[in-house]
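For reference, the structure is listed below as structure tokens.
Read the figures in this text as sums done on the coordinates, not as results from a lab. Source: prediction; values computed, not measured. Cβ coordinates were reconstructed from backbone atoms using ideal geometry, including for glycine residues, and neighbour counts include every protein chain displayed.
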Amino acid sequence: MLSSAERQVVRYDWTDPRWVELHEYWQGRCAVANGCFDLLHDGHLSIFRFMDDFCYAQKLFPLILVNSDWSVRKIKGPKRPVVPEAIRASLIT
């Protein structure tokens with residue numbers, strides 16, 4: 001399992017050297033979970049626990065993607081997200 005020091009929030013950008021380094025090191029060996037994660041609840045926490053356990057057992061890199069504020073509005077309507085993107089991303093690390 002990743003320690004809290006190994007968990008980090010990185011804005012997705014293929015030109016960012018951190019993404020290039022992760023891609024080269026893991027060579028595509030990752031498991032991905034994606035969502036809005038607005039108003040966190042027990043279902044979200046179950047996904048994170050599963051990802052942590054599964055990735056550890058399979059020697060995969062857990063990659064959790066958080067939808068942008070724009071995409072959450074598009075999916076859930078104009079009154080969402082309740083929690084801004086940067087805060088949602090930091091809550092799941």
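Residues whose amide H falls under 5 Å from that of Cys30, counting only those 5 or more places apart or on a different chain, are Phe61, with hydrogens built in the peptide plane. Where in segment 65-93 does the amide nitrogen come within less than 11 Å of the point 7 Å from the Cα of Asn34, taken along Cα to Cβ? Residues 65-68 fall inside that zone.
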